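Presented below is the structure to which this report refers.
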Amino acid sequence: MTSEVLFKGKTVEQAVLNACQQLEIKEESLNYEVVTRGSTGIFGLVGARKAQIRVFIQEKQEDRGLYPDGSGSQSNLAEAEDTSEASLSEPARIGKEALGKIAAGITPGTSVRTRDKGRRINYQIEGGRAGVLIGKRGQTLEAIQYLVEKVVNRNSRERVRVSIDVGGYLAKKRQNLENLAARTAQKAKKNGKPATIGQLNAHDRRIVHLALKDDIEVLTKSVGNGYLRKLRVMPKKRRNNLKRGPKRPD
């Protein structure tokens, strides 16, 4: 019986060395094939890809307990292989690697969880200093998301949307924006004139638009130029016959 285990390294040579050390066998006795040769990516930071080899372990090696973690337990074999990454699509895996390097470069001790939905990929950064990753008004996180989305879509035929969250920040931000939308709409209806929310990016403006789309008493409109634009909430005009009282006799 033959089992297969994946090993990684910055280069194929490093992956082979890792396999030999963990399996405690010499390189000339290692039966493997190259899965990916890896690449350095952009400036060694974005889009870098580790080399990966597939090692074939014969039954006699299993009998000696030569498993990647050195425990001799077959139940640990799957843990040597990044099964979560193996199940990801190519864009999701590339984005995860890029995000992992960027996050680790900003604050140590981070890891990335991925939820691959095909044309939409959600990444969750865990560990590290969340405040540093988010930045003032979420600007650092927004910049990271923009960069990772560019990397993911570089060789993709169809556009893939990327969402990156840190410590539930996006969910809290959405709730705050929806509350702000409700307050602004109430103000516009009460005063009978437009109320404005300033300096929102396209994603945040969309949240406000959607939050008020079912309110039949107001309209929303983006105004201004540039990436950060204002959003105007306008009360709908009432029909004239509703404003008029009963018609007086001549």
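Please find, among Ala211, Ala143, Ala188, the residue that is assigned to a helix (DSSP H, G or I) and closer than 26 Å to Ile106 by Cα. Give the steps one after another, and end with the answer.
Working: Ala211 fails: closer than 26 Å to Ile106 by Cα; Ala188 fails: closer than 26 Å to Ile106 by Cα.
Answer to the check: Ala143.
Residues are listed down the side, and each one gets a yes or a no for (1) of a type outside the set (A, V, I, L, M, F, W, C); (2) in contact with a helix residue (DSSP H, G or I) (Cβ under 6 Å, 6 or more places away or on another chain); (3) assigned to a loop (DSSP other than H, G, I, E, B); (4) at pLDDT 85 or above:
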residue: Ser3; (1), (2), (3), (4): yes, no, no, no
residue: Val34; (1), (2), (3), (4): no, yes, no, no
residue: Glu62; (1), (2), (3), (4): yes, no, no, no
residue: Gly65; (1), (2), (3), (4): yes, no, yes, no
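Name the single residue that is modelled with the lowest pLDDT among those in the range 154-188 being more than 21 Å from Ile134 (Cβ to Cβ) and surrounded by 17 or more Cβ atoms within 10 Å (Cβ to Cβ). Don't jump to the end; show me each part of the working.
Residues of the range 154-188 that are more than 21 Å from Ile134 (Cβ to Cβ), as a first pass: 154-160, 181-188.
Next, only the ones that are surrounded by 17 or more Cβ atoms within 10 Å (Cβ to Cβ) stay: 160, 181, 184-185, 188.
Values: Val160: 90, Ala181: 94, Thr184: 95, Ala185: 94, Ala188: 94.
The extreme case among them is Val160.
In this structure, does Arg157 turn out to be of a type in the set (Lys, Arg), outside any helix (DSSP H, G or I) and more than 13 Å from Ala92 (Cα to Cα)? Break it down stepwise before answering.
On the way: of a type in the set (Lys, Arg): yes; outside any helix (DSSP H, G or I): yes; more than 13 Å from Ala92 (Cα to Cα): yes.
Taking the combined requirement at face value, the residue satisfies it.
Would you call Gln139 farther than 30 Å from Arg49 by Cβ and either exposed (fewer than 14 other Cβ atoms within 10 Å of the Cβ) or in contact with a Pro (Cβ under 9 Å, 6 or more places away or on another chain) (or both)? Spell out how you get there, then give the answer.
Values: farther than 30 Å from Arg49 by Cβ: no; either exposed (fewer than 14 other Cβ atoms within 10 Å of the Cβ) or in contact with a Pro (Cβ under 9 Å, 6 or more places away or on another chain) (or both): yes.
No, not satisfied.
Residue under question is Ile125, and the condition is that it be part of a helix (DSSP H, G or I), outside the structural domain of Leu23 (by TED's automatic domain parsing) and over 30 Å from Pro235 (Cβ atoms); does it hold?
no
The values are calculated or read from the model by the stated rules, or taken from the named source; none is laboratory data. If you're wondering where the values come from, they're calculated on a predicted model, not measured in any experiment. Positions of Cβ are backbone-derived with ideal geometry, glycine not excepted, and every protein chain shown enters the neighbour counts.
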